[in-house]
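Undergrad: Okay, here's the structure, questions in a sec.
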Amino acid sequence: MGQNKYTQEEIDQYYENMKNDFLGPLWHDLGHMVTKEPVHDVEPYLWKWESIRDYALKAGDILEPGKDAERRVVYLQNPSLLKRGLVGYGTHTLYAGIQLLLPGEMAPSHHHSQTAVRFIIEGEGAYTAVNGERSYMQRGDMILTPAWTWHEHKHEGTEPMFWMDGLDVGLVRTLAASFFEPYADEFYPEEQPENYSTKKLSGGAFAPIGEERKPGYPSPIFNYTWERAEYELERLSESSHNEDAYDAYAIEYINPTTGGPADFRIGTMMQKIHPDQHTLAHRHVHSAIYHVLEGEGYTVIDGQKFEWSRGDFFILPPWSWHEHVNTGKDNAYLFSINDKPVMEKLDLEFGETYTENNGHQTIEKTFDPKSD
Ligand SMILES: [Fe+2]
Ligand SMILES: [Fe+2]
């Protein structure tokens with residue numbers, strides 16, 4: 001009964017002194033520290049493609065990559081993170097930017113400890129080279145440039161080329177692990193024939209006798225083409241047995257040598273949602289940034305309706321109820337990046353299904369960027 005020895009005034013003084021000495025009483029703070037459920041600063045948000053595209057195109061008149069800037073990218077600044085004085089990436093872990101490369105331009109070779117994935121939105125004729133191997137990019141392709149691999153881009157086509165860059169900028173910043181280095185030259189030397197890794201692994205896999213082979217990182221493929229992804233989804237969606245209640249018809253991009261995610265730290269997924277398909281709601285620890293490759297519909301996130309159409313981007317915060325609806329006449333395709341691989345490696349991933357109201361949330365409001 002130690003506390004009876006002291007007056008209230010003395011006890012108040014005790015707390016004051018402790019605070020001044022930069023110490024804290026855990027018996028007051030445990031509930032904020034070890035919360036019953038994930039607590040976070042990330043709110044959902046949605047950006048329309050036309051607006052992003054206009055800003056990127058205007059940047060095309062203002063600056064040139066390789067000359068005025070390392071890269072020409074307009075990136076998503078989630079207002080909920082900006083409001084709290086945090087650098088405004090997409091989620092607490094993930095960043096997404098929209099890169100524009102104009103005909104004849106190049107973005108010089110560099111590498112960094114952030115891992116990166118690209119998703120091609122518009123245009124053709126540009127390539128990404130990873131450690132000296134070029135791959136020409138087409139709409140819908142997903143390109144890996146794993147952490148610390150040398151990468152550059154060059155555009156040999158005739159129309160502007162847009163793609164999404166997804167990086168684990170927030171995670172690496174939190175872990176104080178960012179390193180960046182430009183290559184001494186504009187281009188990394190060519191070490192493999194064009195598209196070598198993709199060709200090598202299509203229709204068989206071969207290696208020289210005596211070569212050391214082991215499952216590992218990075219993935220032996222770095223261009224995951226839309227042609228193949230679309231084929232997989234086509235095959236999957238032929239039977240409703242393959243339908244996932246929460247994600248419709250969904251595939252993850254994998255590293256064929258491990259069966260794990262294509263990238264070590266950023267998860268990548270493509271969902272196909274048939275017309276009138278409406279998934280059930282669930283939530284999970286991992287957060288995501290979505291890009292609408294094709295179609296129109298909406299996603300309900302914690303009771304708020306986010307209406308999307310081709311090209312839009314939206315944020316799925318951690319531990320938020322969500323369900324997807326296709327309202328169009330055609331299939332909808334949603335590409336997303338997530339931090340699930342990190343959560344799984346750290347044994348922090350956990351999910352829950354929404355059980356009330358037949359698995360569907362009640363829509364309380366519709367997102368409007370101007371009022372939010
Ligand atoms: Fe980069
Ligand atoms: Fe989900």
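Just so it is clear, none of the values below were taken in a lab; they were calculated from the coordinates. The structure displayed is predicted, hence computed values, not measured ones. Because the Cβ atoms are built from the backbone with ideal geometry, glycine has one as well, and the counts that use them run over all protein chains shown.
Undergrad: Given an 8 Å cut-off on Cα distances and at least 6 residues of separation, report the relative contact order of the chain as a percent.
TA: 15 percent.
Undergrad: Using alpha carbons only, how many angstrom separate the centre of region 212-273 from the centre of region 143-195?
TA: Cα centroid to Cα centroid, the span is 21 Å.
Undergrad: Could I ask something else about it? Which GluC sites (Glu not before Pro) in region 313-372 pass both tests, a DSSP loop state and at most 13 other beta-carbon atoms within 10 Å?
TA: 356, 364
Undergrad: Here is the link list: 83/370; 272/305; 36/370; 58/154; 200/340; 199/345. Which ones come out longer than 22 Å on Cα distance?
TA: Flagged as over cut-off: 36/370; 200/340; 199/345.
Undergrad: Only Cα pairs within less than 10 Å get springs; with that Gaussian network setup on the chain, which residue of 144, 175, 23 has the largest fluctuation?
TA: 23
Undergrad: Roughly speaking, what is the centre-to-centre gap between region 91-112 and region 17-78 when only Cα atoms are used, to the nearest Å?
TA: 18 Å
Undergrad: From Cα pairs below 8 angstrom and at least 6 apart in sequence, can you work out the relative contact order of region 43-95, rounded to a whole percent?
TA: Relative contact order for region 43-95 comes out at 28 percent.
Undergrad: Can you list the HN-Hα couplings for region 201-217, worked out from phi with the Karplus curve (6.51, -1.76, 1.60; θ = phi - 60°), rounded to whole Hz and with x for Gly and Pro?
TA: So the Karplus estimates, Gly and Pro as x, are 9, 9, x, x, 9, 9, 8, x, 4, x, 6, 5, 10, 8, x, x, 10 Hz.
Undergrad: In addition: Helix-only estimate, please: 222 nm mean residue ellipticity of the chain, summing -39500 (n - 2.57) across DSSP H runs of length 4 or more and dividing by its residues, to the nearest 500.
TA: -5000 deg cm²/dmol
Undergrad: How high is the relative contact order of region 220-290? Use alpha-carbon pairs under 8 Å, at least six apart in sequence, and give a whole percent.
TA: 27 percent
Undergrad: So, one more: Looking at region 176-233, which chymotrypsin sites (Phe, Trp or Tyr not before Pro) are DSSP coil and have at most 10 other C-beta atoms within 10 Å of their C-beta?
TA: Passing both the DSSP loop test and the Cβ count: 206.
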